[in-house]
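Beneath this line is the structure, given in structure tokens, with notes to follow.
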Amino acid sequence: MTGVICGTGACVPDRILDNNEIAQFVDTSDQWIQERTGVIRRRIAQTETTASMAAEAGRQALEEAGIRPEEIDMILAATATPDHIFPCAACEIQERLQAVNAVCFDLNAACSGFLFAYQTAQAYITSGMYRTILVVGSESLSRIVNWEDRGTCILFGDGSGAAVLRAKEGRNWIPAAHSDGKGGPALLCPGPNVSGNGGNLPGSDSAEDSGLERTGITMDGKAVFQFAVRKVPEVIREVLDANGLSADDIDWFILHQANRRIVESVAKRLKTDIERFPMNLQEYGNTSSASIPILLNEMNRKGLLKKGQKLVMAGFGAGLSWGAAVLEWGI
Ligand code: UT7
């Protein structure tokens, strides 16, 4: 028994923010951003929320799969930007979809989130515990971006993508995934204040400056870049070897959409034709956990994915974390 994707969906905010508009509030240019990243524009959530976009993406995925909301056993939401600390985004998505029989929780592995959630869903399905799982990646990164930091604010965008997996007879592909907490400071967004010894009790020092720190995302861009171009080809080779495949057996490599130069470098290191590495980061920027399912949905809806084709999905990002999965397209 394996989980086969039988429907996909995506939802991005209406508001488009292009590079020229960013150049009006930080010292940058359209040319610099395009040359260094490939990004031209991104979407910014205004009325949309992490859960509202995810629910719409999920609705589309269910519609394509012909699955009723009450048939879903589990909703797994990969997000680093839930609308609330609790309840989790997955519960809000459940309510919006009326997926009344689903157990719901969130998973935060930053830009590896969708990949890890997909692997988690596979584990539940192959164990026989659940049959039908909605996996979403959804982010409102614009709410945690430091819009004064030109090194990071140019990269990110908001959006959501979803895939519904159903238990079917088929091959169980061996996954690959890794984490390295030592690399945490390279890409970080502070949460509620954790400094000080007072635990934020009334009267303690830390209570004075309690509340969410508003530094937003901080990043050592070069370190993250070097990590990605080294570890992503490595983990793709690992997952191919584990499954007795070579890069030539793979029709599409669906990579987390962080930077065009990272994708190009991975293709080169794998000695694989760049045509098999689709990209849409020029339209959406880096949407973290949403980037893989948004791209998957785009490819699916354009009819580029054919039943029986083999895909590799690879995610990487804060943690540090990285992983890859092989799948056979089943729609
Ligand atoms: O999901 C994972 C998320 N993170 C990533 O994927 C990030 C990976 N890293 C990157 O994509 C790249 O490191 C960046 C695109 C962030 C930066 O590109 P870079 O080629 O590594 O540039 P850099 O940081 O080495 O900066 C080169 C120069 C610096 O100026 P000096 O010191 O040479 O005078 C920066 O201050 O470019 C400057 N710079 C900018 N200039 C114009 C940095 N950001 C900008 C900017 N516009 N937005």
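For Gly128, all conditions in the list (1) assigned to a loop (DSSP other than H, G, I, E, B); (2) more than 24 Å from Lys231 (Cα to Cα); (3) in contact with a helix residue (DSSP H, G or I) (Cβ under 9 Å, 6 or more places away or on another chain) hold save one; what is the number of the exception?
(3)
Show me the strands (runs of 3 or more DSSP E) found entirely inside the range 1-88 where at least 1 residues are away from the ligand (no atom under 15 Å from the Cβ), buried (at least 21 other Cβ atoms within 10 Å of the Cβ) and of a type in the set (Val, Ile, Thr).
In the range 1-88, 2-11, 41-44, 74-78 are the strands (runs of 3 or more DSSP E) which contain 1 or more residues that are away from the ligand (no atom under 15 Å from the Cβ), buried (at least 21 other Cβ atoms within 10 Å of the Cβ) and of a type in the set (Val, Ile, Thr).
Spot the failing condition for Arg260; the list is (1) under 18 Å from Phe114 (Cα atoms); (2) within 10 Å of the ligand (Cβ to nearest atom), and only one is missed.
(1)
Can you pull out the residues in the range 217-241 that are in a helix (DSSP H, G or I), open to solvent by 50 Å² or more (accessible area, probe 1.4 Å) and either more than 9 Å from the ligand (Cβ to nearest atom) or in contact with a Cys (Cβ under 7 Å, 6 or more places away or on another chain) (or both)?
Arg230, Glu234, Arg237, Glu238, Asp241
Report, ordered by the first and then the second residue, all pairs with beta carbons closer than 7 Å, sequence separation of six or more or different chains, a first member in the range 2-17 that is under 19 Å from Glu64 (Cβ atoms), and a second member that is part of a strand (DSSP E or B) and of a type in the set (S, T, N, Q).
Sorted first by the residue in the range 2-17, then by its partner, the pairs are Ala10/Ser160; Cys11/Ser160.
Determine whether the range 101-112 contains at least one residue that is crowded, with 20+ Cβ neighbours inside 10 Å, of a type in the set (Ser, Thr, Tyr), in contact (Cβ under 8 Å) with a residue 24 or more places away in the chain and assigned to a helix (DSSP H, G or I).
yes
Given the structure, is Arg166 among the charged types (D, E, K, R) and either surrounded by fewer than 17 Cβ atoms within 10 Å (Cβ to Cβ) or within 11 Å of the chain's Cα centre (by Cα) (or both)?
no
The values are calculated or read from the model by the stated rules, or taken from the named source; none is laboratory data. Model, not experiment: these values are computed from the prediction. Here the Cβ is made from the backbone with ideal geometry for all residues, glycine too, and neighbour counts use every protein chain on show. Just the protein is used for accessible areas: all its heavy atoms, side chains included, with ligands, DNA and RNA removed. Shrake-Rupley method; radii C 1.70, N 1.55, O 1.52, S 1.80 Å.
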